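For reference, the structure is listed below as structure tokens.
Here, each number is a calculation from the coordinates, and none is a lab measurement. The model shown is predicted, which means the values in this text are computed figures rather than measured ones. Counting neighbours? That spans all protein chains shown, and the Cβs are built from the backbone with ideal geometry, glycine included.
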Amino acid sequence: MTDEVLARRARLRAQLSELAGPDRARPLYELGQVCAYLHQRTGVTTAAAQPYLREAIDALDEAYGRLAPGDPYRSRCGAVLGMLIGSRLISGPTGPEDPRRDRAIALIGEALASGAVSPVQRLSAHMILGMLLLMRALSRMQGPAAARTVVARTGGGAGAADLPDVERGLEHLALVDADPGVPQELRWMARTVTTMGEALRDMLSGSTGPLSVVETLQTLQTLRQTKIDVSEPLVFSEDPLRTEAVEGLRDEVRKLLAGPGEVLDTVAGLLRAGEAPPWIDDFVASAGGVVLADVAPTGVDHLLYAAALHLKGLPDSDAHALTAARILPDTQADAIPVLLLLAELRSAGTLSTVALRLTGLQSALRVLGADTLLFPDPVAGLVLEVATGRIGRDVPVGERLVAVGGDPPGIAAHWFGSVRQLVAAAGRPVRPVVADPVFVVDPRGDREAATMLALVLRRLLYPRSTGLGRVVEDVGGAGTAEQVRAHLNASLLHLDCGVAPDGMLELADGDVLDLGTDSADVAAGGLVVLPPGRFAPLADRLLAAGFGGVVGWTRPVPGPLAALAIFVVHQELVERGQPPAEAVRRARRWLCDPERAGERLPALLTGCVDVLAATPDAELGAAAAALVYRGS
């Protein structure tokens, strides 16, 4: 087991060598836990254990400084850090005023007050905090003048200044002694230290008679010098390899939430219903066990526990919802709508606070150039304003709106299938479309109009492009599956060929090509332009294959209107250098603009212009709403 933990320590060190800023906090916390475990397993009093202790304290100290106040992980980190510092001080000499001891007391006290300390560590935290508080009072009586100090402090109750520490210390020790599940060794330790504390309390309060002061002092000195083993059964860090047990609890949660849909769908249904299910106690216990076990709980783990606490009517739901908000955009972004549903049901202000914690999502939206985000079910209609973090159903959408999920929203040109897809798209590179453009046009001879559009685009905008299929000029091949596969590294892949209902490309010689599986040679960041009528699921498969973005149509539209809109998209991309999302927005506006500039269009598209002029405004608006972009 130790070899596995050492390997985990090495992986965390390697990971941290590549991280900076706030991203270091969680791995540092985990490294501190691992090193604390190694320190305890090696034997806390041995020389071999000391490097682990120093590394644990350094890692946890940095992690604590990087975690925001109010973050449950900050309290847990502080608990372990305080216990490690405290155990070192208990085993060694300290002075009357030791800032390390004061810090350990503050850290453990804060953690216990937050309720974030795991059940396994709670008794150890109470034990160490009680001992540190008593030591702080006792340390002021050290040295050759100890007797005079005691007499001075006990005369007439003058030691009242130290009594609060003693009383608090005894309270924490009493909690340890009273716990029915406390190990016998820990109960003995608590009672031994309590004896010292009660003697010290009597002395400082003046209740000890003058003749017994020296005798009491001798008792205190003896107890103070007694070697108390703080390695066992105290627990500073739980076994970092408890993954199997935690996965068992996750399985229990999944079984409880099993239904016709996904786990998150079930949770959303429970939250909407607003009533706790008959098995709510099992839900709280299993979901809480996963989170409180401290084995790297995920954002969804925290969300499920927050939902369970909310349904049960217990406190701390908001704390775990806020932790989920910080983690989810980086790992499990598709759970964000359910988190927002929970936040809407909580007290006033929770939704806004959660939204402000979605920094990963807001960063992704800024990279995508979005000004607002329209969320899908189960919070359809909820809008996030990127610049301010404002969220609500009354927030107006902006010109650079991004929408997620559900049916294609006509008001949004930039549309993703899921929040996870949105976040992933923000990290993709974007290549200049003119770098290596490829046109695949009418390879089966059943799309004659496609040839004319490709001819215009290649002549005016892409003179150095590769043409496959019936492209008239500079033909690079008939458009077979093998030829298209050889050009998947294109910066622009303009596809004007047939697309089967399952997303397969219909190519020359009866060939078909599945870009979802035949994508080994895709160069990241390329843009794909699809013909009308087949957008999903092909667009999702193209993004999964490595392309940077997809322009397409969510439903069939008249060919001449589609040709004109796609021409404008290409013109905006090449001549004006617009990113794909903005190019699509401008094409949509142009299609619906009665004052559009006809002189922008080449003569070869005159027939399309005539159709445009004869099309009613309502049909033009419907066609424009069908043109969308999905990608970076």
Q) Using Cα pairs under 8 angstrom and six or more residues apart, how large is the relative contact order of the range 338-389, in percent? A) 32 percent
Q.
Explain nothing, just compute: Karplus ³J(HN,Hα) = 6.51 cos²θ - 1.76 cosθ + 1.60, θ = phi - 60°, for every residue of the range 25-33 in order, whole Hz, x for Gly and Pro.
A. 4, 5, x, 5, 4, 5, 4, x, 4
Q | Relative contact order computed over the chain (Cα-Cα under 8 Å; 6+ residues apart), in percent | A | 7 percent
Q: Please name whichever of 341, 27, 256 sits farthest to the positive end of the charge dipole of the chain, dipole taken about the Cα centre and charges placed at Cβ: Lys and Arg +1, Asp and Glu -1.
A: 27
Q) Taking amide hydrogens as modeled 1.01 Å from N in the peptide plane, which residues meet the under 5 Å criterion relative to residue 515, leaving out close sequence neighbours? A) 505
Q: With both partners inside the chain, how many of the DSSP beta bridges are antiparallel, as a percent to the nearest 5?
A: 40 percent
Q: Using only alpha carbon pairs under 8 Å that are at least six residues apart, calculate the relative contact order of the range 262-324 and give it in whole percent.
A: 32 percent
**Q.** Cleavage-rule hits, GluC sites (Glu not before Pro), the range 448-555, DSSP coil, Cβ neighbours within 10 Å at most 12
**A.** 473
Q: Rank by packing, highest mean first: peptides 199-205, 335-341, with packing defined as the count of other Cβ atoms within 10 Å averaged across residues.
A: 335-341, 199-205
Q | trypsin sites (Lys or Arg not before Pro) restricted to DSSP loop in the range 557-589 with at most 11 other C-beta within 10 Å | A | 576
(Q) Can you compute the FRET efficiency between residue 106 and residue 399 using 1/(1 + (r/R0)^6), with r the Cβ-Cβ distance and R0 = 51 Å? Round to the nearest 0.05. (A) 0.55
**Q.** Label-point separation, residue 464 to residue 604 (7 Å along Cα→Cβ), nm
**A.** 2.0 nm
Q) Got a sec to turn the phi values of the range 52-66 into Karplus ³J(HN,Hα) couplings, 6.51 cos²θ - 1.76 cosθ + 1.60 with θ = phi - 60°, whole Hz, x for Gly and Pro? A) 5, 5, 4, 5, 4, 5, 4, 5, 5, 5, 5, 4, 4, x, 8
Q | Given charges at Cβ of Lys, Arg, Asp, Glu: the chain dipole, positive-most of 536, 89, 355 | A | 89
Q. How about the range 447-555: which trypsin sites (Lys or Arg not before Pro) there lie in a loop by DSSP and see at most 11 other Cβ atoms within 10 Å?
A. 464
(Q) Taking semi-axes √(5λ) of the Cα gyration tensor in Å straight from the coordinates, which label in (1) 68, 24, 21; (2) 52, 39, 21; (3) 47, 25, 23 is the correct one? (A) (1)
Q: Note down the magnitude of the dipole of the range 329-481 about its Cα centre, charges +1 on Lys and Arg C-beta and -1 on Asp and Glu C-beta and zero elsewhere, to the nearest 20 debye.
A: 320 debye
Q) So how do 164-172, 617-625 stack up, highest first, on mean other-Cβ count within 10 Å? A) 164-172, 617-625
Q. Residue 10 to residue 434: extension gain in nm, 0.36 nm per residue of separation minus the Cα-Cα distance?
A. 148.2 nm
(Q) Rounded, prolate or oblate for the range 458-557? Axes are the square roots of the Cα gyration tensor eigenvalues, ordered a ≥ b ≥ c, and the cut-off for rounded is a/c under 1.5. (A) rounded
